[in-house]
Amino acid sequence: MIFSSFQFIIHIPQTKSHFFIFLSLCLFQHRWSHSHSHLRWQEKDKELEMAGKVETNGNGKGGGGGVSAKVPAVAHPLAENPDEIASNISYHAEFSPHFSPLKFELEQAFYATAESVRDRLIQQWNETYLHYHKVDPKQTYYLSMEFLQGRALTNAIGNLNIQDAYASALHKFGLKLEEIAEQEKDAALGNGGLGRLASCFLDSMATLNLPAWGYGLRYRYGLFKQRITREGQEEVAEDWLEKFSPWEVVRHDILYPIRFFGHVEINPNGSRKWVGGEVVQALAYDVPIPGYKTKNTISLRLWEAKASAEDFNLFLFNDGQHDVASVLHSRSQQICAVLYPGDATEGGKLLRLKQQFFLCSASLQDIISRFKERRQGPWNWSEFPSKVAVQLNDTHPTLAIPELMRLLMDDEGLGWDEAWDVTTKTIAYTNHTVLPEALEKWSQPVMWKLLPRHMEIIEEIDKRFTATINTTRLDLESELSTIRILDHNPQKPVVQMANLCVVASHAVNGVAQLHSDILKSELFANYVSIWPTKFQNKTNGITPRRWLHFCNPELSSIITKWLKTDQWVTNLDLLTGLRQFADNVDLQAEWLSAKLASKRRLARYVQQVTGEIIDPDSLFDIQVKRIHEYKRQLLNILGVIYRYKKLQEMSPEERKKTTPRTVMIGGKAFATYTNAKRIVKLVNDVGATVNSDPEINSYLKVVFVPNYNVSVAEMLIPGSELSQHISTAGMEASGTSNMKFALNGCLIIGTLDGANVEIREEVGEENFFLFGATAEDVPRLRKERESGLFKPDPRFEEAKKFIRSGVFGTYDYNPLLESLEGNSGYGRGDYFLVGHDFPSYMDAQARVDEVYRDRKKWLKMSILSTAGSGKFSSDRTIAQYAKEIWNIEECRVP
């Protein structure tokens, strides 16, 4: 087998990379066959050796917990039946050890199980990239500062369609798959919707057999782990890499130099070179991303920054100057330490900019290296855009534009015009926000200091763009300062990163129809007049595998039963077939049973993490997302406060006629975002008061779910019945959690914002609890507020007064409440229209209470919510990107 494989390599010319993929496949195959011939004769010896070890008990903690003597440790890397899988797990526990011998408790079992699954993934991984090398298709490279992956074990065995086999294999050790999966820590590589979207996209790219890569950073401590104390939110470092990740594979041969600071030298021939400064190394860590029921397994490549041994000054260290001796090592470790480090200081700004450039430079060097490696003989750089598509996920990777220009001109010797042609045909940009603070603007002095060559290139792009406007679009001269790349305001000169993205990209897209319309009519209107065909919409989507099929197995089985097919998992439009059964009493009964099972599971989780006991028979009302004033968690909790006050005023008989409700709120507030942290504190203080009120707590409970992440979402979303997506209209680009809730049969109360607009169209207006101002209304309402024309609803004033009464504790909430008051001024004037939308919000909540009491009607609406969610598959979104922006095609592994 090995001889014939090597013959094949010798007779067909291959690249170096191609050869090593073949070699790894051959060695993998050799290890597999070797395990059957060489290791089987050792089986009896292993059984005898392991007979002295303590067998794990049912909870994986028995007596020190050795690997079960009943399961021989034999390598079966491609195992599919439970006996061989169990042997492979046992093999990894013994021969891929990370812990002391004789120990096989839940944690050790998880790592051995993950490594067993990884064997299969590596085989498919290698076959995928061997196929890509052979076919040489155009490939997409998706650059994102965040990838919010979630746990990988259940997703991997689900996509590989081996859940039952692994559950049976683990049963041989007295273990349950669910308890093993719970040992995995979420990879702390993202924060909110931006990162989760990127991860859904990778799943769809693999499932659709598209040739694609993800590129990100390997953050050691993530954003933060959230703890809730009496003082509110406390931030501590994430510990997902405290031991190691079993999924990632370090590529010691993939290493690129990344320069910071320094200066630009001009050579006699006029060419320029960036030299000096400090140079760190970017080391690649690859994470396999398997597609659903396909061999294709693609990569998420994460970069880690490191310094070399040569950068350690042994003389200074021995001289006692320990910190000085290892200063570059220390600085390199800072680059990938934390996601979004605080940027209030110049040092913080430099670190954030370093992170962004580090991602862009390492990724582009890698992309160019792969492009050159696949070319045999001379090539023309004009071929590059026909083989490479680079997608910028928001403005964080904007520096890919000047960096690609620099690499092409300074390293590859291209002239400006040719380099610009290649760059603009290669790069596309996704905009995710219209919020001013999120449209990045970097200080020009900071940029010149850190990236002097790139600032030269950006200056030239700006110069050429403004010259074009001045000669061809005189009507835009008055708008030049808003559309040019460099803002030369003497008080604060900045580089406008979104403008650079629009000017340099061949395609720009929004992420929901409303958002894209706002981009074209407002934010980027002048650019649309210059390049009318450049702008597109790509409504976001979610992977139905993780967000229904795996996280809500009861509902998934019911859908498959009634549709008489499981093809909906990869063709979500088939869900429309449920509409014909929406009134069917049998389906409604099954639907209710599945929802109740998820609610009970969620209730157990809430009790485990908060100590609070909640009633599964109450309405589960959930809002989970990043804490931000525009997302209006404050509106939610003010509504809860008003509800609590009214319940207090009722007689016991009147309370019995109300709809019992459990309100759950979760999400992280950025560490330096004071008002967001005040909102977290208020939710917890309200919960502490309401939940301890014996007269009220059977009718209302308030729970703040701590440390919201993907795994928590997988628990919350299936158990939800009402979900709040209540941002100020026109401020949420899309949202994707709204799609996840709707897909799981949860009804939405929301504004006409982001993807809510399209969700309402798809599920039916009558199945959506609408309230609030429209995006068109918002500018007028803000002007009216500034003019003193706003008249607050008495219920709104009552809720604020109740907080100020001190009923929820002694904390001073005046600064938070004052943001809702006054007509104008910094931090005043209710910019997010909480007061304006409060009365219609409370009226919508009253409709929710009324409908929930009619269980048959609610169940029908729930079924129709799921039935209308087919549009919101990330498979659809990615297929559109592939066809309309990237121009890539399926490259299925045979």
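The values are calculated or read from the model by the stated rules, or taken from the named source; none is laboratory data. All values reported here derive from a predicted model rather than from experimental measurement. Here the Cβ positions follow ideal geometry from the backbone for every residue, glycine too, while neighbour counts run over all protein chains shown. Side chains are part of the model used for accessible areas, which takes the heavy atoms of the whole protein and leaves out ligands, DNA and RNA. Shrake-Rupley method; radii C 1.70, N 1.55, O 1.52, S 1.80 Å.
Results, tabulated for the structure shown:
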{"item": "DSSP-loop trypsin sites (Lys or Arg not before Pro) across the range 361-395, with at most 15 other Cβ within 10 angstrom", "result": "375"}
{"item": "Given charges at beta-carbon only (K, R positive; D, E negative), |dipole| of the chain in Debye", "result": "660 debye"}
{"item": "Cα gyration tensor shape for the range 511-624, rounded if a/c is under 1.5, else prolate or oblate", "result": "oblate"}
{"item": "Where the range 346-481 is the region considered: accessible area per residue in Å², 1.4 Å probe", "result": "35 Å²"}
{"item": "Of 527, 497, 723, farthest towards positive along the dipole that unit charges on Lys, Arg, Asp, Glu beta carbons give the chain", "result": "723"}
{"item": "For peptides 442-448, 213-219, 830-836, sequence by mean Cβ density within 10 Å, most packed first", "result": "213-219, 830-836, 442-448"}
{"item": "Magnitude of the charge dipole, the range 567-618, Cβ model with Lys/Arg +1 and Asp/Glu -1, debye to 20", "result": "200 debye"}
{"item": "Per-residue [θ]222 nm for the chain (sum of -39500 (n - 2.57) over DSSP H runs n ≥ 4, rounded to 500)", "result": "-14000 deg cm²/dmol"}
{"item": "For the range 248-253, 3J(HN,Hα) per residue [Karplus equation, 6.51 cos²θ - 1.76 cosθ + 1.60, θ = phi - 60°, Hz, x = Gly/Pro]", "result": "7, 10, 6, 9, 5, 8"}
{"item": "Average Cα contact separation per residue, the chain, under 8 Å, 6 or more apart, as relative contact order %", "result": "12 percent"}
{"item": "Long-range amide H partners of residue 247 with built H, under 5 Å", "result": "none"}
{"item": "Under 17 Å from the Cα of residue 645 - aspartates and glutamates, other chains or at least 8 residues apart", "result": "653, 654, 685, 693, 695, 793, 797, 798, 843, 849"}
{"item": "Solvent accessible area, Å² - residue 790, 1.4 Å probe, full protein context", "result": "50 Å²"}
{"item": "Restraint check, 599/860; 538/857; 625/656; 354/740; 103/295; 354/668, Cα-Cα greater than 29 Å", "result": "538/857; 625/656; 354/740; 103/295"}
{"item": "Listed residues 708, 616, 350: farthest to the positive end of the dipole of the chain (Cβ charges)", "result": "616"}
{"item": "Dipole of the range 264-327, positive direction: furthest Cα of 290, 324, 274, with charges on the beta-carbon", "result": "290"}
{"item": "Carbon/sulfur fraction of accessible area - the chain, other protein chains in place, 1.4 Å, %", "result": "51 percent"}
{"item": "Peptides ranked, highest mean first, by Cβ atoms within 10 Å: ranges 845-854, 727-736", "result": "727-736, 845-854"}
{"item": "Rounded to 5, percent antiparallel among DSSP beta bridges of the chain", "result": "40 percent"}
{"item": "Amide proton proximity set for residue 141, modelled H, under 5 Å, gap of 5+", "result": "213, 389, 390, 391"}
{"item": "Burial order of peptide ranges 203-210, 331-338, 466-473 (average beta-carbon count within 10 Å, highest first)", "result": "203-210, 331-338, 466-473"}
{"item": "The range 116-155, dipole about Cα centre (Lys/Arg Cβ +1, Asp/Glu Cβ -1), debye to the nearest 20", "result": "80 debye"}
{"item": "The range 333-369 versus the range 128-168: alpha-carbon centroid distance in Å", "result": "26 Å"}
